[in-house]
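Notes follow the structure.
The values are calculated or read from the model by the stated rules, or taken from the named source; none is laboratory data. Keep in mind the model is a prediction, meaning the values are calculated, not measured. Cβ atoms come from the backbone with ideal geometry, glycine included; neighbour counts cover every protein chain shown. Surface accessibility is based on the protein's heavy atoms, side chains included, excluding ligands, DNA and RNA. Shrake-Rupley method; radii C 1.70, N 1.55, O 1.52, S 1.80 Å.
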Amino acid sequence: MTHSEALTVLRSVIDSAAGPVSVVVVDTHGEVIASVAMTGAARDTYLNAHRKAYTAARSDAYTTRQLAEKVGATPTELASFDPFFSFFLGGVAAFREGERVGAVGVSGLPGHVDEALAIASIRATGLEAPAP
């Protein structure tokens, strides 16, 4: 994901969010390209957004929702994952021509809203996002 696309993601979420959130955009390794914690967003939402984006970038799932459904509540499955992974909704991988190019994490609103914001922001760049 380019820095220009990452900035488009941030602007899309900032302009669309119904309340203060944190947004983190990462490359395919989970390294931060761009991020923002909106005024009024709880400070822990930034780390949560980073973890969501990291998970969507580095896992074999396209979203944190998909990974959570795959794992279920099985303690042994949960214990076998990278400890920085998140299973909360709001992490979504971004694709260009079917190839993963990064991911977006949004945190601060209900999970399904965070996820919808992430998907919409990826699509605002012209990149592909999986269906929820």
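Between Asp44 and Ala131, the simple label model (points 7 Å from Cα in the Cβ direction) yields a spacing of 3.4 nm. The calculated FRET efficiency for Glu97 paired with Arg11, based on their beta-carbon distance and R0 = 25 Å, is about 0.60. DSSP assigns beta bridges within the stretch 23-132; of those with both partners inside it, close to 100 percent run antiparallel. Exposure check, 1.4 Å probe, all protein chains in place: Arg58 carries approximately 120 Å² of accessible surface. Charging the Cβ of each Asp and Glu at -1 and of each Lys and Arg at +1, and nothing else, the dipole of the chain about its Cα centre rounds to 200 debye.
How would Tyr54, Tyr46, Tyr62 rank on accessible area, largest to smallest, probe 1.4 Å? The partial results should precede the final answer.
Details: Tyr54 35, Tyr46 80, Tyr62 105 Å².
Largest to smallest exposure gives the sequence Tyr62, Tyr46, Tyr54.
Of all segments of the chain bounded by GluC sites (Glu not before Pro) found in a DSSP loop with no more than 16 other C-beta atoms within 10 Å, the longest spans 32-96. Shape analysis of the chain based on the Cα gyration tensor places the equivalent ellipsoid semi-axes at 21, 17, 12 Å, largest first. At q = 0.13, 0.22, 0.24, 0.25 Å⁻¹, what base-10 log of I(q)/I(0) does the Debye formula yield for the stretch 1-74 when every alpha carbon is treated as an equal point scatterer in vacuo? Relative scattering, expressed as log10 I(q)/I(0), comes to -0.40, -1.00, -1.11, -1.15. Packing, taken as the mean count of other beta carbons within 10 Å per residue, orders the peptides 81-90, 103-112, 10-19 from highest to lowest as 103-112, 81-90, 10-19.
How would Thr45, Thr39 line up by accessible area, probe 1.4 Å, largest first? Kindly include the intermediate steps, with their values, before the conclusion.
Numbers: Thr45 10, Thr39 140 Å².
Per-residue accessible area, sorted high to low, gives Thr39, Thr45.
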